[in-house]
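Structure record follows, encoded as structure tokens.
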Amino acid sequence: MRGLYVEERHQRFDTWEGAQSAEGGGGSEGGDESGKAASRAALDRAYDTATREVARRRKLEMRLQSARASQGASSDPWSASEGGTWPLWRDYLELEDPSDPWRIRILYERMLCPGETDSSTRGGGPLTEQPWLWARYAHFLRTELKSGQLLEEATRRAVRMCAGSVGLWVERLRALEMSRAPAEEVKATLEAALGAPLLPTAGDDA
């Protein structure tokens, strides 16, 4: 089956390449054959690399699906072997190439979707209610994407979900400064932080 797919892929590529050569005026026949061989080899390498990456991600996706299905029955929801999903998400983050931070951002957004990872943290509860994860996400947005707009949006959600976290309120104020928010908004945020039922700062033990 793979051989048939690869051959079909080569035929489609040859058709496309032929059309490009015709538009460009063509070239010598020997050069065309040599170029096609090199193009096929490069295409095969790219296909094999992509296939391996898809297989690695598919395994994690299947494990995440299985973990979600078993949530609630787990005696230790923090453990991936017993239904927790955070260890799997951590593996997923490590799998992604740091040179493509936008893919990493997508993973953070998936982790922080309400209901996406219920009972996946130490002591139970959704990941959206874990200040340390929001803090990691904020740090990532600030240092890797360097986007004031994205940081502002994420910290707004963070303090809404974890209003008792001192660290997240600090991140929120930092984000407003980075995005050059109006003074009135900064003042309102500071007053909201002072009026929130703040909890002692906890370390990130994930």
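Remarks
- In region 135-155, residue nearest to Ile104 (Cα to Cα) [restricted to those that are in contact (Cβ under 8 Å) with a residue 40 or more places away in the chain and among the aliphatic types (A, V, I, L, M)]: Leu145
- Counted residues, region 158-184 - those being modelled with pLDDT of 90 or more, of a type outside the set (A, V, I, L, M, F, W, C) and touching a helix residue (DSSP H, G or I) at 6+ places or on another chain (Cβ under 6 Å): 4
- Looking only at region 170-193, residues that are touching a residue at least 12 places away in the same chain (Cβ under 8 Å) and either β-branched (Val, Ile, Thr) or open to solvent by 70 Å² or more (accessible area, probe 1.4 Å) (or both) come to 6 in all.
- When region 142-175 is filtered for residues that are out of contact with any strand residue (DSSP E or B) (no Cβ under 8 Å at 6 or more places or on another chain) and β-branched (Val, Ile, Thr), the ones remaining, listed by number, are Thr143, Thr155, Val170.
- Picking from residues in region 125-159 that are closer than 15 Å to Val170 by Cβ and of a type in the set (Val, Ile, Thr), the one that is surrounded by the most Cβ atoms within 10 Å (Cβ to Cβ) is Thr155.
The values are calculated or read from the model by the stated rules, or taken from the named source; none is laboratory data. As the structure is a computational prediction, the values presented were derived from the model and not from experiment. So basically every Cβ, Gly included, is an ideal-geometry build from the backbone, and we count neighbours across all protein chains shown. The area values use the complete protein model at the heavy-atom level, side chains included, leaving out ligands, DNA and RNA. Shrake-Rupley method; radii C 1.70, N 1.55, O 1.52, S 1.80 Å.
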